[in-house]
1. Within the set of other residues whose C-beta is less than 9 Å from the C-beta of residue 215, count the net charge using Lys and Arg as +1 and Asp and Glu as -1.
2. How large is the Kirkwood hydrodynamic radius of the range 152-238, in angstrom, based on all distinct alpha carbon pairs?
3. With a Cα-only, solvent-free Debye model of the range 108-382, what are the log10 I(q)/I(0) values at q = 0.08, 0.12 Å⁻¹?
4. Among the DSSP beta bridges whose two residues both lie in the range 108-382, what percent are antiparallel, rounded to the nearest 5?
5. At 4 °C and a viscosity of 1.567 mPa s, what translational diffusion coefficient does Stokes-Einstein give for the range 242-385, taking Rh as the Kirkwood radius over Cα pairs? Give it in µm²/s as a whole number.
6. Among 108-120, 325-337, how do they line up by average Cβ neighbours within 10 Å per residue, starting with the highest?
7. Could you point to the residue in 222, 134, 285 farthest towards the positive end of the range 129-285's charge dipole, with +1 and -1 charges on the Cβ of Lys/Arg and Asp/Glu respectively?
Amino acid sequence: MAKQHERPPSSWMSVWLHWRASQIKDPVARLGYLRKRAFLAPRQIALTPARAAVATAVVTLSAVLYWPSITSASKPGASRDLNGRLRQAQTAPLIASKEKIWLVEQKAGYEIYSNGLRIESAGASTHTPRRFAPLPRNKPETWTQAPNANSARRTAPAGIVYHTTESELFPFQPSANRLIRYAGEKLLEYVRNRKSYHYLIDRFGRVHRVVEEDRIANHAGWSVWADRDWVYVNLNDSFLGVAFEAQTLPEGGDAAINNAQIHAGRILTEMLRARYDIAAENCTTHGQVSVNPDNMKIGNHTDLGAGFPYSAFGLPDNYRLPLPSMMLFGFSYDSVYWDRIEPTLRLSLQAGDKQLQHQSARRHQLQRRYKEYVAIWRKHQDNGI
């Protein structure tokens, strides 16, 4: 059993941020404040007298600049306006228009798109058709109502989850070329047999379709994510899975995803976002959405909980987003998860802890809500509803 997580010591900026946040009574505005200022999350820096003077000036200036927006959050309707501004900031206007990305050529074994994307489509698997019902975020009282055959369902994916295969990797060098190709072929065969993802990007940057886009893939289980309007539980049904033949923490300290994979992943993301109108905030990593329903802990899988190059994919840094699994369903976490995630994601966990640490009854209520939801939907899925 993993020991309780140990948090690193707070720096002067972290202490000041959380003190300032504690002055905001409205919880939505308080969390929004922490999200908006996550870019100030510090690295542990030794403060010389000169740096301390600069730091003091930054804090003072920040207080002057931000105080009106903070105090206004206590006025009626102000928290809604603040939350709206935060949501707008998180929705990056980077999605390419459908007019600029289109299918150029389609043959028996491949597809080519106008942004340079080539998809190797031969051998793609089929699976259960996608049908899911997201939860309205502003109506939590309806989340555990039993569905029926007439309940509204969606068929278009709402987001993308990025994975690493965590498979064995040979050295990426010319002398290992034959072994790299052989391992990639066997991996593709393996994930297609298990319908593990929708797409696999191999180490040479080739994009392979694993499961058809209109079908579900077994990539995320009863995971959790949410956007401004909807909550998604069981991302197998609602999100596309894109996997990189890679390891999140490779030996030698190399980046998890190489340059060829970054390029391929970016143009694949562009195509999928344009085709399905996928919001930037719904492009996330497996390490951010994965949960363990048995122990109610975040991080059943931790791949890409750190190191995903959001900016290189034309996306905002979604590591800064509070985890919906914690805020909406009361999930906790342990030291194993803490040690494997991005530092900016740790700040989000700390913010969530501050909201829930004095609300143990509330946390249990949120956890019960999740368990009830999963039990209801499992039962009705078994009945074919």
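1. Around residue 215, the charge tally is -1.
2. Hydrodynamic radius (Kirkwood, Cα only) of the range 152-238 equals 14.6 Å.
3. -0.33, -0.74
4. Once the DSSP bridges in the range 108-382 are tallied, antiparallel ones form about 50 percent.
5. 77
6. Those peptides, ordered most packed to least, come out 325-337, 108-120.
7. Farthest along the dipole direction, towards plus: 134.
Coordinate-derived values only; no laboratory data. Quantities reported herein were computed from a predicted structural model and do not represent experimental measurements. Glycine also receives a Cβ, built like all others from the backbone with ideal geometry; neighbour counts cover every protein chain displayed.
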